[in-house]
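The numbers here are math on the coordinates, done by the rules we state, and not lab data. Since we're looking at a predicted model, the values are computed, not measured. Note that each Cβ is placed from the backbone with ideal geometry, even for glycine, and that neighbours are counted across all protein chains shown.
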Amino acid sequence: MLVDSHAHLDFPQFDADRQEVIARAQEAGVEIIINAGAGLEASQGGVALSETYPQVYAAVGVHPHEAKTLNEGVLAELRALAQQPKVVAVGEIGLDYYRDLSPRPVQRQAFQQQLALARELGKPIIIHDREAHKDVMNMLRRWVREGDQPVGVMHCFSGDLAMAREVIEMGFYISIPGPVTFTNDRRLPELVRALPLERLLIETDCPYLTPHPHRGKRNEPAYVRLVAEAMAQIREIPLEKVARITTANARALFGLEAPGAT
Ligand SMILES: [Zn+2]
């Protein structure tokens, strides 16, 4: 079985066929899907999906693009939402200096407030970092230093090997997305080869980042299998091993019990 550690099934791209998409994931062996919250409304949508579909779990948070929407009221709503039993993380939170859809100081403040929320709730974080490595790392270093909850994942990891090693050393996981299947991507295969499998997760970030051979179309959780297959090929190990270890990693991070344990 596989875990898609980052999906956006609440997005309108799935309105027409959400149920079929989730059924296809199940058929592909994707038995757990973590729906990341891109804003308050998206987080509410994700929590609603988690109540409808047994395999869907939710993270709640405000994406850096939406950072300017975060205020005390929204924080209070996120805090309340996080009490739902299938909310397993705070995210996605972080900094995006590529698109700069919210002013950078506002992004940093929203990230900081949600780091504090995660600590208060005792939940892991899902981090979005695009072209903001220096500030993200500084804020994470401080967060780790100030408390004993160094758990989270850097989703769609976009740094280099040295940064990946530091992230792992701090206690975080690194999540590998669909572009690892692209023949022209050298960075992700290098990371997959060099990093311990015990610190890696897999994800789609659907509807975005569609892996080969579906590139150009909408992404969906079933395709996380293509990510796992690419990793197995790169490391020259069986797919089963990639599936088993990345699933155990996701369970450990998000506090999900193994089947049969309940
Ligand atoms: Zn995302």
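Some observations on this one:
- Exposed loop sites here are GluC sites (Glu not before Pro) assigned a DSSP state other than H, G, I, E or B and surrounded by at most 15 other beta carbons within 10 Å; excluding them, the longest clear run of the chain is 1-130.
- Whole-Hz ³J(HN,Hα) from phi, Karplus 6.51 cos²θ - 1.76 cosθ + 1.60, for region 250-255, glycine and proline x: 5, 4, 5, 5, 8, x
- Straight-line reach from LYS86: taking Cα to Cα under 26 Å and skipping same-chain neighbours fewer than 8 places apart, the lysines in range are LYS123.
- 5 Å binning of all Cα-Cα separations within region 204-262, expressed as whole percents from 0 upward: 4, 18, 21, 19, 21, 12, 5, 1, 0
- Once the Cα-Cα distance is subtracted from the 0.36 nm per residue extended length, the ARG24 to GLN83 segment shows a gain of 18.3 nm.
- Spatially, region 4-33 and region 196-210 are offset by 14 Å when compared through their Cα centroids.
- Straightening the chain between ARG235 and ALA252 buys 3.9 nm, computed as 0.36 nm per residue apart minus the Cα-Cα spacing.
- Within the chain, longest stretch clear of exposed chymotrypsin sites (Phe, Trp or Tyr not before Pro) (DSSP loop, no more than 16 other Cβ within 10 Å): 1-96
- Cα extents of region 40-155 along the three principal axes, largest first (Å): 39, 31, 25
- In loop segments of region 53-152 as defined by DSSP, the trypsin sites (Lys or Arg not before Pro) with at most 12 further C-beta atoms inside 10 Å of their C-beta are ARG99.
- Estimated translational D of the chain in µm²/s (Stokes, Kirkwood radius over Cα pairs; 20 °C; 1.002 mPa s): 119
- Amide proton proximity set for GLY171, modelled H, under 5 Å, gap of 5+: none
- Cα-projected label distance for GLU72 with GLU131, points at 7 Å along beta-carbon direction, nm: 3.5
- For region 103-158, the Kirkwood hydrodynamic radius from C-alpha pairs, put into Stokes-Einstein at 4 °C and a viscosity of 1.567 mPa s, yields a diffusion coefficient of 112 µm² per second.
- Footprinting exposure proxy for ASP96, ASP129, ASP17 (fewest neighbouring C-beta atoms within 10 Å first): ASP17, ASP96, ASP129
- Sum of -39500 (n - 2.57) over DSSP H runs of 4+, divided by residues of the chain (222 nm, nearest 500): -13000 deg cm²/dmol
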